[in-house]
Amino acid sequence: MLDMKWVRESAENQEQLQRVADQKGIALSVAELVELDDQRRALLLAVEGLRQKRNTMSLDISNHMKQGQREDAELLKQQVKAINTELDIQEGLHREVDAAYNELLILVPNIVSPDTPVGASDQDNVEVKRVGQPPEFEFEYRDHVTLGELHRLIDIPRGVKTAGTRSYYLTGIGAMLHRAVQQLAVDMLTARGFTLMDVPLTVRTEAMQNTAFFPLGQDQAFHIAEEDKWLVGTSEVPLVSFYSGEIVDVTQPIRLAAASLCFRSEVGSGGRDVHGLYRVHQFAKVEQVVLCEASEETSEQLLQEITANAEELLQMLELPYRVVAVCTGDMSQKTYKQYDIETWMPSRAAYGETHSSSNLLDFQARRSNIRYRDAEGKLRYCHTLNNTAVASPRILIPLLENHQQEDGSILIPQALRPYLNGMERITPPSETD
């Protein structure tokens, strides 16, 4: 959330916030929010005034009773009774207005960085750079589903039979590749000072709200009704929640990583996005989360760092990619600045999103109540950042498609070979296998 002191500070701030809400497609009236805040403040003052008046009169009643002034005490009791009636009314109004205020407050978006492009959708994202060249095949190339079936790496029909649409099995070398890319990412991050964590995959509603995945992203999550818990769509939720409600030491940035399963309903996606392994209900991610001091310069440097980590992984996988600055209309509520990394996918004849890096400033830490003491000993909210180091099986799409050979074999990038017992290429099984 944002600091309401900042929102109330000036009309310019309110106009900026309304503009960002409109750009992010969030149905929020900032004017109504401020009006409700005024009302709840006034009602709270009225309630506190009535309580103070009642307490003073109760003390007077006690004094009158001690002095034998029963008539004066009875008169005051009648007045206290009237105050209690009015207090009940004012407290009810305050609860009502406060609830309406909080319903709007939880929708307030983070502001966006000055260099964030303005746009309506991912079509308006701005390319920052490209690395590598898409392959030019001199043969009829296969998509990842065909390659997966040829090499017995992927079985989508049996996945659908077992678990429904957007489900799959990874088998043999497919499962090994899936684990190998994750371990490559884990090894890279732990070598760079990230603490690896194994995290809960089911969390309370509070954790989803505190990390700003709810309420606006609630339709993307799977609910476990019996326990009122949710399956996480990213380990960002439990990683950030690890420190919720705490005061932390960010003298050095806290760097956390997790390799975990993730679950998303993918409501609203369609078209080519649902083909093969691009959008599935269950996948695995290696996530980077960083907490640091409330310095825009520091968090910007860290955003570049975690984005570079993801880029280096793609370079180790020998895959062509591009980095785009994400526009306002493609951003989530919580994001201040975001880069997406898109990897070339021959079957789509386009770059497809495989990684995302975000700087949230103190928006998420405010909701999660994560603070630190600055050099003057003052408590301040941390800045938080996150990045997808790798997500699989989506990364298998470019990995299989870009490295395929005319004879149907698939080359294994040098960096992955140690995780696959030195295997240099995947060859189609013989008919007798």
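Between 0 and 90 degrees, the angle of helix 296-316 with respect to the longest Cα principal axis of the chain falls at about 20 degrees. Between the residues G172, C262, V131, the greatest Cα displacement towards the positive end of the dipole of the chain, with unit charges on the Cβ of Lys, Arg, Asp and Glu, is found for C262. Helix 173-191 and the longest principal axis of the Cα set of the chain meet at an angle near 60°. Note on the chain: antiparallel DSSP beta bridges, both residues inside, total approximately 95 percent of the bridges counted. Taking the longest Cα principal axis of the chain as reference, the axis of helix 30-66 is set at about 40 degrees. Within the accessible area of segment 315-433, the carbon and sulfur atoms contribute 40%, probe 1.4 Å, all protein chains present. Taking the inverse of the mean 1/r over every pair of distinct Cα atoms in segment 149-232 gives a Kirkwood hydrodynamic radius of 15.9 Å. When only Cα pairs below 8 angstrom with a gap of at least 6 residues are kept, segment 53-184 shows a relative contact order of 10 percent. A simple count of charges around D330, restricted to other residues whose Cβ falls under 11 Å of its Cβ and scoring Lys, Arg +1 and Asp, Glu -1, yields -3.
The shape of segment 28-119 can be summarised by an equivalent ellipsoid whose semi-axes, obtained from the alpha carbon gyration tensor, come to 46, 11, 7 Å from longest to shortest.
The dipole here belongs to the chain: it is taken about the Cα centre, uses +1 on the Cβ of Lys and Arg and -1 on the Cβ of Asp and Glu, and is about 1020 debye. With 20 Å bins beginning at zero, the pair-distance distribution over Cα atoms of the chain amounts to 22, 47, 21, 8, 3, 0 %. Ligands, DNA and RNA left out, the accessible area of segment 158-259 computed with a 1.4 Å probe is 51% carbon and sulfur.
Working note: 222 nm ellipticity from helices only, DSSP H runs with n ≥ 4, each -39,500 (n - 2.57), summed and divided by the residues of the chain, gives -13000 deg cm²/dmol to the nearest 500.
Each semi-axis of the equivalent ellipsoid for segment 281-433 is √(5λ) with λ an eigenvalue of the Cα gyration tensor; in descending order they amount to 39, 16, 13 Å. Per-residue Karplus couplings for segment 213-218, computed as 6.51 cos²θ - 1.76 cosθ + 1.60 with θ equal to phi - 60°, are listed in order as 8, 10, x, 6, x, 5 Hz, Gly and Pro entered as x.
Based on protein heavy atoms only, the chain ends up with 49 Å² per residue of surface accessible to a 1.4 Å probe. The calculated FRET efficiency for S113 paired with D72, based on their beta-carbon distance and R0 = 51 Å, is about 0.20. The Kirkwood radius of segment 313-400, taken over pairs of alpha-carbon atoms, gives through the Stokes-Einstein law at 20 °C and 1.002 mPa s a diffusion coefficient of 143 µm² s⁻¹. Solvent-accessible surface (1.4 Å probe) assigned to T251 amounts to roughly 110 Å². Each eigenvalue of the Cα gyration tensor of segment 81-194, multiplied by 5 and square-rooted, gives one semi-axis; in descending order these are 54, 25, 19 Å. A cut-off of 5 Å between modelled amide H atoms, ignoring neighbours fewer than 5 places along the same chain, links L319 with no other residue. Check the straight Cα-Cα distances from K5 and name the lysines below 25 Å, setting aside those fewer than 8 residues away within the same chain. Cross-link targets: K24, K334, K337, K378.
Applied to segment 70-76, the Karplus parametrisation 6.51 cos²θ - 1.76 cosθ + 1.60 on θ = phi - 60° returns per-residue 3J(HN,Hα) values of 5, 5, 4, 5, 5, 4, 5 Hz, with x for Gly and Pro.
The values are calculated or read from the model by the stated rules, or taken from the named source; none is laboratory data. Owing to the predicted nature of the structure, the values given are computational and were not obtained by experimental measurement. Neighbour counts run over all protein chains shown; Cβ positions are idealised from the backbone, glycine included. We work out accessible area using only protein heavy atoms, side chains counted, and drop any ligands, DNA or RNA first. Shrake-Rupley method; radii C 1.70, N 1.55, O 1.52, S 1.80 Å.
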